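Novice: Take this structure, written in structure tokens, and hold onto it; I'll ask about it next.
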Amino acid sequence: MKPKPHPENQPKPEYTQQDLEAAIKDKVSPLLEETMEKSWGITIPKIETDITDQLKNPQLNIYIPPNLTFSRAKKIFKAEFLKRELRLNKGNVSQLAKLLGVNRRSIHRAMKDLSVKREIELPLSKEEYNQNMIGHTIRSTLDQYKGVLHPEKMEKMYQEVSTLSRNIAKFLPLEELTWKEAEREFEKQFLTQALQESDKNVTKTAKKIALRPETLYRKIKKLEIK
């Protein structure tokens, strides 16, 4: 009889989009409703939907300055993404390469090309980062309603964000993206925002971000941007 493999050596079950949506419906939405009821005395379905819709998308949470060309913005994103992932993996290049789906040589080359040092800041725990990212998503969504709800009620909700994000993080694991997945998601989010700022005019958007219109059309189709 063969011995059972140690739990640490077993592959982790894949967390699917269906799992994510189920967790949001069954666990996250009730937490949001409970917090709104506590802070405001009512629940506002629109705000709940706005927050949960954001949580369903890959959370890059990397600030890119506005009004940049596409190539410049992508280079900044890649550098910041690599810095973050090195911190999350405590500077372990071999571990990071495996996680990102590339070889160690590719990581070292990217670090050199993007002028990224192995450890610029103290290591960041994935649990702490996940909580911060969820908290950022909630706060940025609430910010859109500052002129609608009373400031005192908004402040009560803001005070609950840390506890709320910590509880939500128990049900929403940090999404691990490969290098290609992260690049694709960056392009999709950046181009979507650029198109919205130019009233969805492809020619105008292409000129603004220094891309040829046909290149932008191709990316819109490939990335399935609506």
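Novice: Taking the range 2-46, which residues are modelled with pLDDT under 70 and either surrounded by 11 or more Cβ atoms within 10 Å (Cβ to Cβ) or under 21 Å from P58 (Cβ atoms) (or both)?
Specialist: Of everything in the range 2-46, those that are modelled with pLDDT under 70 and either surrounded by 11 or more Cβ atoms within 10 Å (Cβ to Cβ) or under 21 Å from P58 (Cβ atoms) (or both) turn out to be K12, P13, E14, Y15.
This table checks each residue for (1) within 13 Å of P66 (Cα to Cα); (2) in contact with a Gly (Cβ under 6 Å, 6 or more places away or on another chain); (3) open to solvent by 40 Å² or more (accessible area, probe 1.4 Å).
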position: N201; (1), (2), (3): no, no, yes
position: I209; (1), (2), (3): yes, no, no
position: L216; (1), (2), (3): no, no, no
position: I220; (1), (2), (3): no, no, no
position: K226; (1), (2), (3): no, no, yes
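Novice: Residues of the range 51-83 being under 24 Å from Q17 (Cα atoms) and assigned to a helix (DSSP H, G or I), which ones?
Specialist: Residues satisfying the conditions are I51, T52, D53, Q54, L55, K56, F81.
Novice: Sort through N167, N130 and tell me the only one that's modelled with pLDDT under 95 and surrounded by 15 or more Cβ atoms within 10 Å (Cβ to Cβ).
Specialist: Working: N167 fails: modelled with pLDDT under 95.
Only one candidate qualifies: N130.
The values are calculated or read from the model by the stated rules, or taken from the named source; none is laboratory data. Everything numeric here is computed off the predicted structure, so don't read it as measured data. Here the Cβ is made from the backbone with ideal geometry for all residues, glycine too, and neighbour counts use every protein chain on show. Note: accessible area is taken over every heavy atom of the protein model, side chains too, but ligands, DNA and RNA are not part of it. Shrake-Rupley method; radii C 1.70, N 1.55, O 1.52, S 1.80 Å.
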